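Report on the structure given below.
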Amino acid sequence: MNFGFTDEQELLRSEVRKFLDERCPLEEVRRITEAKGPGYSPELWKEIAELGWTGLVIPEEHGGAGLGWVDWVVLLEETGRSLFPSPLLSNTLAAAAIRAGGNPAQQARWLPGLARGTEIGSLVLREAADASAAPVPGIEGRRQQQGWRLSGEQHGVPDLAAATLLVVPFRSGPAPEDLRLAVLDAQARGLRTRESPGMDLTKRMGSLQLDDVPLAEEEVLGALPSPPAALARLLDLAAAAVTAEMVGAAEAALACTVRYARERVQFGSPIGRYQGVKHPLAEMYVDLESFKSLLYYAAWCLDESPEEAPRFVSMAKAYASDAFARIGIDAVQLHGAVGYTWEYDPHLYLKRSKWARAMYGDAHHHYARVAALGGL
């Protein structure tokens, strides 16, 4: 069995890395995130849309490239490596939700704009409190004579300030299967947003408040045979996406620490020669390769073996959540005192590890989910 990537996927990786190295090195990342604004560069967003990144997994009939989730993982590894600040991940998850739940007319209405990057989407989705259950939204819908009215709040929504449309799950009744997905204009009447302060400035988060927001029937995605299963699938896609960015960021953290260990001389030798440095570096590498392998199989399952995907996505996200946090801490510590300064880069990866650890389920949540899926 061939466990490698195709030539086309390696070419995609190479081109994405080349673009980000040239157009958004860490100096530019710092400039974007420290400036006032939506937390991303509209100019770079336009460029990556023209390159097809925003439509990578959107079907060709709606203006996308029609590629699979393994291809998306390849791209996200590189955006994670560069700590690229953009709503790309959120936009693609919103498109995946519309593709999964929208009828042909709804897909034709929203997917082309998301593929072109003229619209920016965000999926309002959090993990379930119970690892064995489907996610339960914090928003309720009341049926009206014409359409719905939505009320409630949701915290921890990624890229909320950048989004022009929101894919919002809501409860339509008391039963577990009474779940629906709606697509809302970010400027809808009664919809309020506020930015939430966060540790990682490359990942902007916000809180969403809905106060009796009107919702037309055609804005409710009408092709969900099993809403709980659909939401669980979307959570798997989101967890895999975050893990893919964790792989790239962890590789970059390890690489910059190895460079420092080769260059920093103490007692007449590079510090990388000492066991107290090289052994932690080796452990970082082993952890990284372990959750990377789990992720690659999980991504393959998302495309080819959906029944296996929940287990392996959770295994990858659980392992990565703990391991990347350790890698971030070790990267700072192995840089010594300068590792704690703003001018050096290790703290950027540590902050990303703290953000990624909690997104779409932390290690505890996903280990419990693995156990539940295994019948424990």
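Just so it is clear, none of the values below were taken in a lab; they were calculated from the coordinates. Computed from a predicted model, the values in this text were never measured in an experiment. With ideal geometry, Cβ positions are generated from the backbone for all residues, glycine too; neighbour counts draw on all protein chains shown.
Report the relative contact order of the stretch 122-219, percent, no decimals, based on alpha-carbon pairs under 8 angstrom and at least 6 residues apart.
32 percent
With N the number of residues in the stretch 227-373, Rg(Cα) / (2.2 N^0.38 Å) evaluates to 1.16.
Each principal axis of the Cα cloud of the stretch 122-219 was evaluated for its coordinate range; sorted largest first, these ranges are 43, 35, 18 Å.
Considering only Cα-Cα distances, which of the following residue pairs are longer than 18 Å: LYS18/LYS354; LYS203/LYS351; LYS18/LYS317; LYS203/LYS354; LYS18/LYS203?
LYS18/LYS354; LYS18/LYS317; LYS18/LYS203
Mean projected area of the convex hull spanned by the Cα atoms of the stretch 30-143, taken over all viewing directions: 9.6 nm². Peptides 259-272, 49-62, 155-168, ordered by how many other C-beta atoms sit within 10 Å of their residues on average, highest first, read 155-168, 49-62, 259-272.
The ranking of TRP69, TRP148, TRP342 by Cβ neighbour count inside 10 Å, starting from the fewest, reads TRP342, TRP148, TRP69.
Computed across the chain, the Kirkwood radius stands at 21.3 Å (inverse of mean 1/r, all Cα pairs).
Taking all Cα pairs closer than 8 Å and separated by 6 or more residues, the relative contact order of the stretch 232-339 comes to 37 percent. The Cβ shell under 10 Å around MET199 holds other residues with a net charge of +3, Lys and Arg each +1, Asp and Glu each -1.
The GluC sites (Glu not before Pro) of the stretch 140-223 that DSSP puts in a loop, and whose beta carbon has at most 12 other beta carbons within 10 Å, are GLU177. In percent, rounded to a whole number, the relative contact order of the chain is 16, using alpha-carbon pairs under 8 Å and six or more apart.
Evaluate E = 1/(1 + (r/R0)^6) for ALA255 and LEU11, where r is the Cβ-Cβ distance and R0 equals 22 Å; express this FRET efficiency to the nearest 0.05.
Given R0 = 22 Å and the Cβ-Cβ separation, E is 0.50.
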